[in-house]
């Protein structure tokens, strides 16, 4: 049985919150998750595992796990002792930058194949830690969330193929970190994102090589495959191709790319999708996907 995307959802910041209040990654991830569940018409209690892969979050929160906070906000089986059925509702964080969603897909394949869960939910959300009030104009990433609901399919030809990871033996062009030596009292609301000049072109070339290597390993006909790749890779140095949320999609980019592809693709033109993510490391990940019924 293949693992398929049953539904997907995205979420942008609302306009009703006070401008000084930071946008919440938990709120965005939960809204994207609820949108996916609504599209699939399944209750939150049916989710066995939730994996949260977002990197940037309000107040640079690391504890408790963001996944547990998202689980609570969505209402996924909040008392697994009293209500163990239909799913116990386990959740955890997994952070690997832009490749996080595909890492979670790889985990989902193992969990669903072994019957450890019937449904797995992936959430990805990034927000500036200080909100709009403290946002540096050079901060590159959009406040954006995405969610994928994954299930097994009876169609063996549908779903995700193997996930492959690629690295390059050179210094990373992109990194985000807390500057603990100088952050002072602003440590909860600031983040340092360093991107070397020309990184966009190099990242795009790296992603293209990863796609070529993946296609060669698995015999993929790229003429019949729609590649869902990193947003703004080719034009990030100029700051172009920004999403309407005010920056480049980061960890939620594969979800946004999938939804746009499903809205605009003609089945007669393509047989499959090929997800590719690339980011800090430098690292990249690829996974082939055939929607159910194609």
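Okay, here's what the table says:
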{"read-out": "Qualifying residue in the stretch 156-174 (condition: at pLDDT below 90, under 22 Å from residue 291 (Cβ atoms) and not in a helix (DSSP H, G or I))", "value": "yes"}
{"read-out": "Odd one out for residue 236 among (1) modelled with pLDDT under 95; (2) surrounded by fewer than 20 Cβ atoms within 10 Å (Cβ to Cβ); (3) over 16 Å from residue 97 (Cα atoms)", "value": "(2)"}
{"read-out": "Count - residues of the stretch 262-287 that are more than 30 Å from residue 198 (Cβ to Cβ) and either crowded, with 21+ Cβ neighbours inside 10 Å or in contact with a helix residue (DSSP H, G or I) (Cβ under 9 Å, 6 or more places away or on another chain) (or both)", "value": "4"}
{"read-out": "Residues (at pLDDT 90 or above and surrounded by 24 or more Cβ atoms within 10 Å (Cβ to Cβ)) located in the stretch 38-65", "value": "47, 49, 50, 51, 52, 53, 54"}
{"read-out": "Hey, residue 151 surrounded by fewer than 20 Cβ atoms within 10 Å (Cβ to Cβ) and modelled with pLDDT of 85 or more or not", "value": "no"}
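The values are calculated or read from the model by the stated rules, or taken from the named source; none is laboratory data. Just so it is clear, the model here is predicted, and its values are computed rather than measured. Every residue, glycine among them, receives a Cβ derived from its backbone with ideal geometry; neighbour counts consider all protein chains shown.
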